[in-house]
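Worksheet: the structure to be examined is printed underneath.
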Amino acid sequence: LWRLGYCARLLKTNHFRTAASNTSFPAVWMLLAQHSGRIPGLFVVVKKNTFFTMPETMEDKTNPELYLPHPEVRGMTLLNREAFKRTVVVPALKVKKEIVHNVLKSLKQSVLQRPGLKRVVEDPEDEDSRFVILDPHKVPEFSLGESEQEVLKQLSVHPEVSKYHLELTYENFKSEEILRAVLPEGQEVTSGFSRVGHIAHLNLRDHQLPYRHLIGQVIMDKNPGITCVVNKTSIIDSTYRNFEMEVLAGENNLVTKVKENNISYELDFSKVYWNPRLSTEHGRIVELLKAGDVLFDVFAGVGPFAIPAAKRKCRVFANDLNPESYSWLLHNCKLNKVDTKVKVFNMDGRDFLRGPVREELSKELPLLKEEQKTAFHIVMNLPALAVEFLDVFRHLLVGEPCSPAALPTVHCYGFSKHSNPARDIQERAEAVLGTSLAGRCSTFLVRNVAPNKEMLCLSFQIPPDVLYKRPCP
């Protein structure tokens, strides 16, 4: 710290007097090196050509890039784990094995903290001693600071720092480090994925496709429990909301089991829609429901709204057009022992609203009394198209409007690329309903789907003049 302060004063004296345009960053570093005797974070290596080097202005201070694989893996498309081996020279302290624990405790700020790398290794020449590996970024030029030397002196340990040849293998690198080393420099690296049971679901960019099988294998290697990696090959635009996918690595088994909000679901990921990023939203809607409420789930999928609602002792009517979703919905209702509380349908969304939903509302709403607390909720989770279905509610029922408190609440999901997505989805819904929702609706931002694309939930009670058609006198 004293050295750093001294260097700062030198910089202020020698450089800040000049014009700003004449002050260069490399010059600042070289002045630091000149007066401090070392540049923090850099250390010397034995084989200079083994590692990346710093810019020419610091050619005497090579950086071994301790946490990067060997440069020769750049451009690899088929995974060769052996090619990731490299040996780096790191600082180490030779200590008696009896006091290793004390040394680790006393020098915890300087000891190597890299996950997967041993901090203590055997001394092949002395069975009574051990090498304590130090962090080369905190012990530059293989010399300890005065405070560390004082600590070692109290422990009767010689403060001389040795050069230890540490072998790094494929297992020592993180997935993003491996992919960053393999893909062309400057290109985006994808190491994130959605996990659906034992399946890792990627959404690779075009420039990553030549490396897709390597990426899949790395993801599987570095994430315990993942035994299959898939990549989406088309957008979700089919009738049944599922997408084609390519298996990049592992077993070709896409039937999986997932757990969300303490409820288990089983599904065939290649044939039905499932998004683990929606678990919070599923929970948010279900929390709005009370025992005795009625839920109509128009695009139910495999049941992430319907089944937890049934668990809360609600009456549930769940529908999905996809025969596979319908089958897995039935299966999951039995799996979670709510099959007697959920009525399941395999219909088009419009037919479901005009059929079972209208029938149930026509029967239930006239019977409600003012003091009754039953609420009716209609969930429409088909973000690409759900707003277009809202026209079904226009004059869906015939007769005198029920109590305003009993009017069904719609939770309609949609995507928006507008600069004001909340206003956009409200205006689109108003256009389809033929009425204003100002002061009668709320919007909730569910998640960011892509740059400049949001997923939102618009919630509103259906206005009585929209829902009811008055009978002719």
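The values are calculated or read from the model by the stated rules, or taken from the named source; none is laboratory data. Model, not experiment: these values are computed from the prediction. Backbone-built Cβ (ideal geometry, glycine too); neighbour counts: all protein chains shown. Areas reflect the complete protein model, heavy atoms only, side chains present, ligands, DNA and RNA absent. Shrake-Rupley method; radii C 1.70, N 1.55, O 1.52, S 1.80 Å.
Some notes on this structure:
- For Asp128, net neighbour charge (Lys/Arg +1, Asp/Glu -1) across residues whose Cβ lies under 13 Å away: -2
- Within the straight-line cut-off of under 17 Å between alpha carbons, the aspartates and glutamates reachable from Lys222 are Glu82, Glu171, Glu176, Glu177, Glu251, sequence neighbours fewer than 8 places apart in one chain being disregarded.
- Phi-derived couplings, Karplus 6.51 cos²θ - 1.76 cosθ + 1.60 at θ = phi - 60°, listed residue by residue for segment 173-180: 9, 7, 4, 5, 5, 5, 5, 5 Hz, with x used for Gly and Pro.
- Rolling a 1.4 angstrom probe over the protein heavy atoms with all chains in place gives segment 175-259 an accessible area of 48 Å² per residue.
- Between the amide H of Lys469 and those of Leu397, Val398, Gly399, distances stay under 5 Å, these residues lying 5 or more places away or on another chain, with hydrogens modeled in the peptide plane.
- With the charge dipole of segment 86-168 set up from +1 on Lys and Arg Cβ and -1 on Asp and Glu Cβ about the Cα centre, the Cα lying farthest toward the positive end among the listed residues Leu152, Val132, Ser110 is that of Ser110.
- Unit charges on C-beta of K, R, D, E only; dipole of segment 183-324, Debye: 600 debye
- By average C-beta atoms within 10 angstrom, highest first, the peptides 121-133, 210-222: 210-222, 121-133
- Per residue convex hull volume, Cα atoms of segment 162-210, in Å³: 128 Å³
- Set Lys257/Lys453; Lys257/Lys373; Lys373/Lys453; Lys96/Lys163; Lys232/Lys259 screened for pairs whose C-alpha atoms are more than 28 Å apart: Lys257/Lys453; Lys257/Lys373; Lys373/Lys453
- Taking amide hydrogens as placed 1.01 Å from N in the peptide plane, the amide H of Tyr273 sits under 5 Å from that of no residue at least 5 positions away in sequence or on another chain.
- Charges were assigned to the Cβ only: +1 to each Lys and Arg, -1 to each Asp and Glu. The resulting dipole of segment 275-469 about its Cα centre is roughly 520 debye.
- Leading residue at positive end of dipole, segment 275-469 (Cβ point charges), from Thr443, Ala318, Val286: Val286
- Share of carbon and sulfur in the accessible heavy-atom surface of segment 333-400 [1.4 Å probe, %]: 48 percent
- Using a Förster distance of 22 Å, the FRET efficiency for Leu385-Arg447 (Cβ separation, nearest 0.05): 0.75
- Between Asn253 and His70, the modelled labels are 3.5 nm apart [label points 7 Å from Cα along Cα→Cβ].
- Summed side-chain charge close to Leu183 - residues other than Leu183 whose Cβ falls under 13 Å, Lys, Arg +1, Asp, Glu -1: -1
- Integer Hz, Karplus 6.51/-1.76/1.60 couplings in order for segment 278-283, x for Gly and Pro: 9, 4, 5, 5, 4, x
- Between Arg470 and Ser270, the FRET efficiency estimated from the beta carbon spacing at R0 = 41 angstrom works out to 0.25.
- Taken about its Cα centre, segment 100-187 carries a charge dipole of about 420 debye when Lys and Arg each add +1 at the Cβ and Asp and Glu each add -1 at the Cβ.
- From phi via Karplus (6.51, -1.76, 1.60), per-residue ³J(HN,Hα) for segment 261-269 in Hz, x at Gly/Pro: 6, 6, 10, 8, 9, 10, 6, 9, 5
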